[in-house]
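First up is the structure itself, then whatever we jot down about it.
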Amino acid sequence: MKAVIGVLFLIVLAFASDHTHAAKAEILEKIFANISMKKEFIIWSDDKELIEEFDKKRTFTTTTICKDATLIILENKKNIDKTCSEKPVFVLDYTLLKEVPQSFGAIFWKKGRPNIVIIAPRAKAQSIIISDKLNDYIEDKIW
Amino acid sequence: MKIYLVLLLLSALLFGEEKNLNELLSEYREAGELFNETKELKNGHVTIFSRADLDKMQAYTLNDVLKTIKLFTLMSTKLGMSTLVKSPYSEKVISSVKVFINSYEVTSLTDGTGLTQFGRMGLNFIDHIEVYQVSNAIAFSGEPGTMVIKLHTKDPSRENATVAQTSIDSRGGSKAQVIEAKSFDEYTYLANLDISNYNSHEHKIADGSELSRDGQRGQFYVNLAKKNDFKVEIGSAIEKDNLFSGFGKSIDDGEFYTKNYYAQFTKYFDNDIKVILNTSYETVDLTNSDNIGFALQDNSISNLLEAKSGSQTHNAILEKRIEHNDHNLLFGTQLKVRSFFLDKLKSNGVNKELVIGPKDLNIYMFYFEDEYSINSNNTLTLGAKIDIYDNHLTPSSTENILRVGYLSNLSDTTSLRAFIQKGYFYPLFAETTFSPLYFTNPNLESAKSTATKIELEQKIDNLILTVGGGGAKSKDSISFNPIRKTYVTNPDSNTFGQYYINTTYRFDADNKIIAEYFRTYKEDSKYSPDNGALLQLYNRIGKFDIYNELIYRSSYVGVYNQKINTGLDYTAGAIYHYNKKLNLKIKGENLFDRASQIGMNELKIAPYDRRAIFTVEYTF
């Protein structure tokens, strides 16, 4: 029974962290349920907790090989392989929208709240169709 | 119970449909609230004001939060500021409430506690607030306190914005705030500027003199950090206020002008070692002109008192954590060096020589805490601390603190938190070193106290029911002797008891209701409300955030034998989220104009007036 270390703080932290990943995954599922691409969704992400959440629910097919994916969810620009740089990307940080040309949408924190934005011209350029249900989150350009 | 069944039904009807994206975003925000990462249940019975709570409350100043805290009442002071008075004690008993900004303890040597001078502190740069009652006097640095208020600054990686906000109020006051918080690679920074101009109702006393607490305040805070490596923080606050009642009974004119600066450096080393170094400097200029005059400590009458004083404080803290089997051990040491200076003291235009106690104080602290995990549901915390006080004038004194804490998850829905703390309260600066009005007593010894508190929390679906209670016994408490005109040690012991009940019903991530009641018991006299209640309603309807708050405090008879009526303070606010960049806010404070009062110069004064505040917030 090595280090059960019931430091309640850590338990609470871990519990809260699980909730955070689950909530983020649920939001992304909702977004992707309202967009369509020419190919089936096969998701690769450098956010491993997110992939675990998708795998738990089996909503989407996921892959550990970036080049097999049809959609990338990116947290850190350094983690994307060059062979995947032409695939559609949904980013987890607003600044990545500026840095990753193939990115068409983002979920990010601003003013202490999570936000969603989808850049319509970029989605259109990659033949991604956005449902009207996401109209509230559509922008024409990056701020 | 019927009411909760109705609430459950309402909740099911209102929120039973499939969640839309906005609701999911709110749940994500709630799950990611930063207090989940900072709150420590082992450190006391904690009340949390999350980022979302503070936003909906439109909590512009620390006082907006302090007034809601159970077992205390926010009251006005004679010098125009406000302080928390512990129920049912008199306002003359200075509460050992400690305020921290992150790990920096906001203190004012000239005041004994940082609370009084920082009630008007703007909260624009604060993410969330944790209020610890029966707070851990070991793991929280510095001298012991009965309550610790921890203000955690916003996380720049969650902000990524520059936000400007300006307010005007119905009394002619105004406020402007700008915050920028950004992250780049592994580094983050936050800068906040806050300027306020506040006007209050002027109270007239029988002889025609007016009590005014109008003033201006400017504050600046900046931090630069690298995650898990270091954090540098610099803060300053400058405040200039009318002196309100002042020391006498017929104020003619007066001003209280304070400047406070601090810098703190925190370094985290790989081997769980943390080092904190900080330094602070403050000056206080006070001018008090009085028509009748007031007696100084040498019994001379002053019609015009001018004083310029200040202090410097330096702190070094070294902490090491060790995880060994089921033990999480904390070893720490702290050195605190404080010095006081009096640059000017004039009465009626002439330099005045008064008796001053020890100007310097060094405190050497050594502490240890073992957080032992009995099993996955039970944790026992044992802590001990030794503090050595040396003022270079009277013999040094050695004080000690012992603390036992027990946390238990009795079931998936029931938890228990119990604490026993045996400690001391060292005499305050105003009691040992300097006051123009009375003789200070450098030979005072610490008051001793033992506090025991227990709290039980039960979750029933969306309802959290918390019941707590306990008591404290103190002896050798310090009290003012008006005949000897100084503070003395009172060898009698006294006891104090309390209980409280809190229910929080959460409809969803944006909608909740909180109802709370407390009652306190003290064996002898009561000089402030002995019971109180709080009702808070947080709502989001479409593009509106709506907040309602009702604070009740019981009637009481004050130290000057004035009967003070029941306090009933109603606050309401609404925020309209016009678009992603613009928010419009309106808030009404003390709408019934019946907030709990205090007797002063034959008047009854509330700590804040009835007023409406209109605010525009723009995000760049």
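Tabulated data for the structure shown
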| read-out | value |
| --- | --- |
| Interface residues in the range B:25-71 - accessible area drops by 30 Å² or more relative to the isolated chain, probe 1.4 Å | B:Leu25, B:Tyr28, B:Arg29, B:Ala31, B:Asn36, B:Glu37, B:Lys39, B:Leu41, B:Arg51 |
| Cβ-placed point charges (K, R +1; D, E -1), dipole of the protein assembly as shown about Cα centre in debye, nearest 20 | 540 debye |
| Accessible area of B:Tyr426 in the full protein assembly, 1.4 Å probe (Å², nearest 10) | 50 Å² |
| Sequence of B:Glu549, B:Glu91, A:Glu52 from largest to smallest accessible area, 1.4 Å probe | A:Glu52, B:Glu91, B:Glu549 |
| Computed [θ] at 222 nm, deg cm²/dmol, chain A (DSSP H ≥ 4; -39,500 (n - 2.57); rounded to nearest 500) | -10000 deg cm²/dmol |
| Surrounding net charge for B:Glu159, when Lys and Arg each add one and Asp and Glu each subtract one, Cβ distance under 12 Å | +4 |
| Only Lys, Arg (+1) and Asp, Glu (-1) charged, at Cβ; the range B:197-300 dipole about Cα centre in debye | 680 debye |
| Computed [θ] at 222 nm, deg cm²/dmol, chain B (DSSP H ≥ 4; -39,500 (n - 2.57); rounded to nearest 500) | -2000 deg cm²/dmol |
| Solvent-accessible area per residue for the range B:395-473 (1.4 angstrom probe, square angstrom) | 45 Å² |
| Degrees separating the helix A:8-32 axis from the principal Cα axis of chain A, which is the longest one | 20 degrees |
| Portion, in percent, of the accessible area of the protein assembly as shown that falls on carbon or sulfur, probe 1.4 Å | 56 percent |
| Student exercise, chain B dipole from Lys, Arg, Asp, Glu Cβ charges, in Debye to nearest 20 | 760 debye |
| Cα-based convex hull, the protein assembly as shown, per residue volume (Å³, whole number) | 159 Å³ |
| Alpha-carbon centroid distance for the pair the range B:351-410 / the range A:78-143, whole angstrom | 53 Å |
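The values are calculated or read from the model by the stated rules, or taken from the named source; none is laboratory data. Just so you know, these numbers come straight off a predicted model, no measurement behind them. Here the Cβ is made from the backbone with ideal geometry for all residues, glycine too, and neighbour counts use every protein chain on show. For the accessible areas, the whole protein counts, side chains as well, though only heavy atoms, and no ligand, DNA or RNA atoms are used. Shrake-Rupley method; radii C 1.70, N 1.55, O 1.52, S 1.80 Å.
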